[in-house]
Amino acid sequence: MEAKAFRRMRIRAHLEMRMRMAAAVRSFFAERDFLEVETPIRIPAPAPEVHIDCVSASGAFLQASPELAMKELLASGFDRIFQLARCFRAGERGVKHLPEMTLLEWYVKEEDYRYMMEETEKLICYMAECEGMGGILVWQGKNVDLTPPFERLSVEEAFLRHGSLSMEAALEKGCFNDVMGLEIEPELGRTKPVFLHDYPASEASLARMKPENSALAERFELYICGVELCNAYTELVDAKEQAVRFREAAAERARLGKRAYPEAATFLEALGHMPPATGNALGFDRLVMLFSNAPDIDHATAVLPEEL
């Protein structure tokens, strides 16, 4: 018991910053006339994403993200919404991963992923200003310049710059995610934040394809110090196409021997009424880890490692 109490006292400064950062998030969105919402944590059917496994909960599932529920709100007439949501993912544990985490997720109708990049940049700079960082983020001996604009780098360019093979070759060989995780991601955002954008269509199951190139999706992620902070895109609002993608993802999950999920029928029905929009899911725990100079994500939360 003494060891647990000592650890919690040791991370108190990180938790105090976490509290300030949550207040800064709410201030940022209040200034932009967003509505804070709380959608159910326990849901009847998650999106059948290949690489995300949900946690069962009494005949339903704990949300891996509030995405489907928040899009249903957009479909019913809401236009600018956000939440700090508790989310759950089975089998995710590491220095940057928690099975129970907090996502900052927000949506804006009638905008696209380019607009979302600009707003995400403004959010990061706003929070750094609230913490008096002077435009420099220091994490584990690395200094990152937060002065806007952040770098924009396409996935194709990132493979050419940092990968051992091209994006097309990695897709053909089935090693896209391995090259991304082992070779490319550690190099991103070393001295300045990087928006990695325009993912191949196969890596963006809920995003709109680029009108001028249907092989690429209007999706981006933000990296600082090699840490992926968010996943954002221009939303796909074609219910028929989304249903096809869900079936393809479900088939791939079956091929890999993963659990089947019920069809997200309520979401697909609502999607037919959803306006054009953009959305972002940002890992709040990871952002606290970076801002507080914590060595790992455990130090950004009050949860003890043995409790997870």
Practice task
Kindly list the number of the only condition in (1) surrounded by fewer than 19 Cβ atoms within 10 Å (Cβ to Cβ); (2) touching a strand residue (DSSP E or B) at 6+ places or on another chain (Cβ under 8 Å) that fails for A204.
Solution key: (1)
Completion exercise
Scanning segment 208-247 for residues that are touching a residue at least 40 places away in the same chain (Cβ under 8 Å) and part of a helix (DSSP H, G or I) gives R245, F246
Practice task
State yes or no: is S164 at pLDDT below 95 and more than 18 Å from E119 (Cα to Cα)?
Solution key: no
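Conditions (1) out of contact with any helix residue (DSSP H, G or I) (no Cβ under 7 Å at 6 or more places or on another chain); (2) of a type in the set (A, V, I, L, M, F, W, C); (3) surrounded by fewer than 21 Cβ atoms within 10 Å (Cβ to Cβ), marked per residue:
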| site | (1), (2), (3) |
| --- | --- |
| L15 | yes, yes, yes |
| I41 | yes, yes, yes |
| H51 | yes, no, yes |
| A75 | no, yes, yes |
| A90 | yes, yes, yes |
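Counting only residues that are part of a loop (DSSP other than H, G, I, E, B) and in contact with a strand residue (DSSP E or B) (Cβ under 8 Å, 6 or more places away or on another chain), which one in segment 269-295 is surrounded by the most Cβ atoms within 10 Å (Cβ to Cβ)?
M274
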Fill in the blank from the handout: Scanning segment 29-39 for residues that are more than 14 Å from E105 (Cβ to Cβ) and either touching a residue at least 40 places away in the same chain (Cβ under 8 Å) or among the basic types (K, R) (or both), the one surrounded by the most Cβ atoms within 10 Å (Cβ to Cβ) turns out to be R32
Practice task
Only residues in segment 290-302 that are of a type in the set (F, W, Y) count as the first member; pair them with residues that are in a loop (DSSP other than H, G, I, E, B), Cβ under 8 angstrom, at least 6 apart or cross-chain, and list the lot.
Solution key: F291/E131; F291/M133
Exercise for the section: With respect to S58, determine if the residue is hydroxyl-bearing (S, T, Y), over 27 Å from V237 (Cα atoms) and at pLDDT 95 or above. Expected result: no
Practice task
Please verify whether segment 122-144 includes one or more residues that are under 15 Å from the mean Cα position of the chain (by Cα), buried (at least 16 other Cβ atoms within 10 Å of the Cβ) and either more than 16 Å from M21 (Cα to Cα) or touching a residue at least 24 places away in the same chain (Cβ under 8 Å) (or both).
Solution key: yes
Fill in the blank from the handout: The residue from A265, A249, A215, A232 that alone is surrounded by fewer than 16 Cβ atoms within 10 Å (Cβ to Cβ) and within 22 Å of M180 (Cα to Cα) is A215
Completion exercise
Of (1) free of Cβ contacts under 8 Å to residues at least 60 places away in the same chain; (2) in contact with a Pro (Cβ under 6 Å, 6 or more places away or on another chain); (3) not in a strand (DSSP E or B), A45 fails just (1)
Exercise for the section: Please go through segment 44-61 and pick out each residue that is closer than 19 Å to V244 by Cβ and either among the hydroxyl-bearing types (S, T, Y) or touching a Ser or Thr at 6+ places or on another chain (Cβ under 7 Å) (or both). Expected result: E49
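The values are calculated or read from the model by the stated rules, or taken from the named source; none is laboratory data. This structure is a prediction, so every number in the text was calculated from the model and none was measured. Cβ coordinates were reconstructed from backbone atoms using ideal geometry, including for glycine residues, and neighbour counts include every protein chain displayed.
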